[in-house]
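The structure under discussion appears below in the form of structure tokens.
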Amino acid sequence: MSMHDQHGGPTIGQTDPQTTSDPLSAVTTRKGFLKGAAVAGAGAAGLSTLAPAAALARGHKRKGPTRGDVKILEAAQLAEALAVTTYTNIIGAAPFFKNIPADDQGYLRGALQEEMSHYLLEESLTGKPAAASTFYYPPKMFSDAQTTLNILVTLEDAFIAAYLVGVRDFSTADLRVTAARIMGIESDHRTLARVLGPDVASSDGGPIEQITGFQKSAESVDPPNNNGYERTLLLTNIEQAVEALTPFASKEAAAKAGFDTSTSYAFKSFTPTLPNPLGEFHSLKG
């Protein structure tokens, strides 16, 4: 599904399901990976949420995760690596960033820390890096504010829907609640990304009054919180979410989707500092 909006900014495209060279096509299962989550988590630098991960491991080690649990966790980890890379480059490379109000800049910086925290929690459970560490984007992703916000909202739409798959399909209540807790933050990010539109300076093509997300329909940014219920995007399994993200993570799929493959962006892990300790993942019980 090739996506182009009226502003000329391409979004997510489908990939060839026959492609086998893509690392995202492999599904790996590991015996007792939750049993060793505490050990794996120790390797995630600066992970302040190791104790919750260990608690999650203890809660599941009797029967272990299902194959479906593993697939959802790996897809979520890929999504978070992409999110970290996206926010890092909006902050560091997008010209409009320095011209938006300080509170908007604070939202983007806070979102970066939150996405990194999500990634590290999931890495502590899978015990390995994400399936991809290099990402690609549509042309003008970080140079044109309209394209940046279109893609940012598109990605947040996809992340929300993916975590809703987890809410439906994870095999345990602890994993389902964890997915819901992360999904709520992705929902915050979608709304706040839409808040940015009217604050884009005229010199950067603003104010932006409409943003086109995953559903390829330009939507008014007034009000920015325009969902009565989170959108499932009709995703029924995690493979559909991975397919939607594959053009960002595979050079071959990126080229087919019309993305700019002349420049790649590396995911870089770091130690996050969440905005407020009250919002950290202290334990499965909150």
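The values are calculated or read from the model by the stated rules, or taken from the named source; none is laboratory data. If you're wondering where the values come from, they're calculated on a predicted model, not measured in any experiment. No Cβ is skipped: glycine too gets one built from the backbone with ideal geometry, and neighbour counts run over all protein chains shown.
Odds and ends about this structure:
- Considering S143, S187, S171, the condition of being without any contact (Cβ under 8 Å) to a residue 60 or more places away in the chain and part of a loop (DSSP other than H, G, I, E, B) is satisfied by S143 alone.
- Sole exception among (1) surrounded by 20 or more Cβ atoms within 10 Å (Cβ to Cβ); (2) touching a strand residue (DSSP E or B) at 6+ places or on another chain (Cβ under 9 Å) for S133, by number: (1)
- Restricted to strands (runs of 3 or more DSSP E) entirely inside segment 200-286, those with at least 3 residues that are under 25 Å from A75 (Cα atoms) and among the polar types (S, T, N, Q) are 260-266.
Listed here are the residues, each with its yes/no results for (1) within 22 Å of the chain's Cα centre (by Cα); (2) modelled with pLDDT under 95; (3) β-branched (V, I, T); (4) assigned to a helix (DSSP H, G or I).
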position	(1), (2), (3), (4)
P52	yes, yes, no, yes
A55	no, yes, no, yes
A75	yes, no, no, yes
L78	yes, no, no, yes
A81	yes, no, no, yes
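- Residue within segment 189-200 that is exposed (fewer than 15 other Cβ atoms within 10 Å of the Cβ) and within 18 Å of the chain's Cα centre (by Cα) present: no
- Scanning segment 106-130 for residues that are among the basic types (K, R) and either buried (at least 21 other Cβ atoms within 10 Å of the Cβ) or closer than 11 Å to Q77 by Cα (or both) returns a single hit, K128.
- Of all residues in segment 86-105, those being surrounded by 12 or more Cβ atoms within 10 Å (Cβ to Cβ) and of a type in the set (G, A, S) number 2.
- Scanning segment 201-222 for residues that are on the phi > 0 side of the Ramachandran plot and within 20 Å of the chain's Cα centre (by Cα) yields one hit, K216.
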